[in-house]
Amino acid sequence: MATTLAILGGGAIGQLLAMDLCQHRHSPLLLTRPETTARIIQHQLQRLDGSIQQASLPHAPSNQPQHCDAVLVTTKAYQAESALTPVLAWLPPSTPIVLLHNGMGPQQRLAQRFPEHNWWAGMLTDGALKLESHSVRHTGQGVRYLGPLSGQGQLPDALTEIGFISEAAILPRLWQKLAVNALINPLTACYGCTNGELARPGHRAELQRLSDELAAVAKAEGIAMEAEQILAWCLSVAEATCSNRSSMLQDVSAKRPTEIDAISGFVVERARAHGLCADAHRHNLDRVSQLSGCTKT
Ligand code: PAF
């Protein structure tokens, strides 16, 4: 049966997931800012094999009640809370909300602030590039996981069909993605390089230090992650998305706010709470904050 999944956040990843759902004969609905009007827009996706997929997708303002079986949140980390506010005003509390943004912090804050809602979280390591407003290129095959935060019940099967793997304990996966983002995103933004360039030996010492600090913070948070594992994940994502310009590099280049507070900022804040050193992550936080001129949490 066709499932309607609302997607909040029309960036490259939101559009990639919408096109994947279409390909599996489901009905994505893109939720747009409250001041916009409902309309159908032609979208295009260039897949990894070079083939082009086109689809006409419905867009609807996020403050107008809609029928949907789940909401996927693919906004930037710092937008998640404000973008969800108009949706929470009409969404039945039992409808699953899956937070898929980079970084950590908003997941815990939202689940605490709105305990009546059905919160799930997930992560994906796909690379995707927005070519034009409604045209996206899939630049790297990733892994996709999701699981309950405070959520109960079942998620629509459509999510399994587009490659999400269910995890009863999603927190370690969120930390795994945080680790990848905390190594790749700030360094690519600071050096203006592609993900693949980070895999070169010249960056190894810096990546090792970031991995060591992160492993210690994760351990203090009860998450078992060895520094060697973190480094290996980072290198494998950097290679799988080698031609990709990370989302943070794209944000810095376009002079947009970055997700540095929910990535390095979260690591620094957790390190401080446990009395641990996170100087390499603090250095990245400072450098990217200066580059982007403004950050938000
Ligand atoms: O933020 C990003 O760019 C992506 O999460 C990732 C996985 C680092 C690929 O570029």
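The values are calculated or read from the model by the stated rules, or taken from the named source; none is laboratory data. Everything numeric here is computed off the predicted structure, so don't read it as measured data. Cβ placement follows ideal geometry from the backbone for every residue including glycine, while neighbour counts extend to all protein chains displayed.
When residues in the stretch 219-252 are screened for being surrounded by fewer than 20 Cβ atoms within 10 Å (Cβ to Cβ), among the hydrophobic types (A, V, I, L, M, F, W, C) and in contact with a strand residue (DSSP E or B) (Cβ under 9 Å, 6 or more places away or on another chain), 2 of them pass. If you go through the stretch 247-263 and keep only what is within 21 Å of Q107 (Cβ to Cβ) and within 13 Å of the ligand (Cβ to nearest atom), you end up with S247, M248, D251, T258, E259, I260, A262, I263. Here is the figure for the stretch 155-169: residues that are in a loop (DSSP other than H, G, I, E, B) and within 16 Å of the ligand (Cβ to nearest atom) total 1.
Return the residue satisfying two criteria in turn: it lies in the stretch 109-129 and is more than 11 Å from the ligand (Cβ to nearest atom) and under 15 Å from the mean Cα position of the chain (by Cα), and of such residues it is surrounded by the most Cβ atoms within 10 Å (Cβ to Cβ). Applying the filter and picking the extreme gives A121. Among the conditions (1) over 27 Å from P115 (Cα atoms); (2) part of a helix (DSSP H, G or I); (3) within 16 Å of the ligand (Cβ to nearest atom); (4) aliphatic (A, V, I, L, M), V136 misses just one, which is (2). One residue stands out among those in the stretch 139-154 that are within 16 Å of the ligand (Cβ to nearest atom) and modelled with pLDDT of 95 or more: the one that is surrounded by the most Cβ atoms within 10 Å (Cβ to Cβ), which is L146. In the stretch 178-192, of all residues being buried (at least 16 other Cβ atoms within 10 Å of the Cβ) and within 15 Å of D251 (Cβ to Cβ), the one that is farthest from the ligand (Cβ to nearest atom) corresponds to C190.
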